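The values are calculated or read from the model by the stated rules, or taken from the named source; none is laboratory data. None of these values were measured; they are calculated from a predicted model. Note that we place each Cβ from the backbone using ideal geometry, even for glycine, and neighbour counts take in every protein chain shown. Note: areas computed on protein heavy atoms with side chains; ligands, DNA, RNA excluded. Shrake-Rupley method; radii C 1.70, N 1.55, O 1.52, S 1.80 Å.
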Amino acid sequence: MNKLILIVTGISIVVGVVLGALIVWLICIQQRYQAVDSLVRANHVVGRSGTVEIPFDSNTQGKVRVNVKGSLVDFIAFTDEPREFSPGDRIFVVAMKRNKVWVVSEDSLAQS
């Protein structure tokens, strides 16, 4: 009986070690082919909607928050529209240059 328990224990340990090594090997292979890119490019931001965090108008700069690649990112914002943007207003990003965005209101898009 004790001999049988030792054999089953030994087989279990060997199977566990082999399967564990196989899983580690598969994870290493997956990580080699996975590209990680956290850089925010203009084509990721332009065309997205967001919300105003700090108010602004055509004479001042403000701050907007946009969902980019699953993360909320804040940008300094400018506009050419003759209106004032208040916190919570919905915006649409039309251009980006040097981590600054130019926006229009989502209301102006609906009127077009």
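Data for the structure
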quantity	calculated
Test for Leu26: is it more than 30 Å from Arg65 (Cα to Cα), hydrophobic (A, V, I, L, M, F, W, C), surrounded by 10 or more Cβ atoms within 10 Å (Cβ to Cβ) and modelled with pLDDT under 95	yes
Hits in the range 55-71 (condition: more than 25 Å from the chain's Cα centre (by Cα) and surrounded by fewer than 14 Cβ atoms within 10 Å (Cβ to Cβ))	Ser58, Asn59, Thr60
Residue match in the range 38-50 (condition: within 30 Å of Val104 (Cα to Cα), open to solvent by 50 Å² or more (accessible area, probe 1.4 Å) and touching a Phe, Trp or Tyr at 6+ places or on another chain (Cβ under 7 Å))	no
Qualifying positions in the range 32-70 - of a type in the set (Asp, Glu) and either modelled with pLDDT under 95 or farther than 14 Å from Ser86 by Cβ (or both)	Asp37, Asp57
Yes/no for Asp74 being open to solvent by 60 Å² or more (accessible area, probe 1.4 Å) and of a type in the set (D, E, K, R)	yes
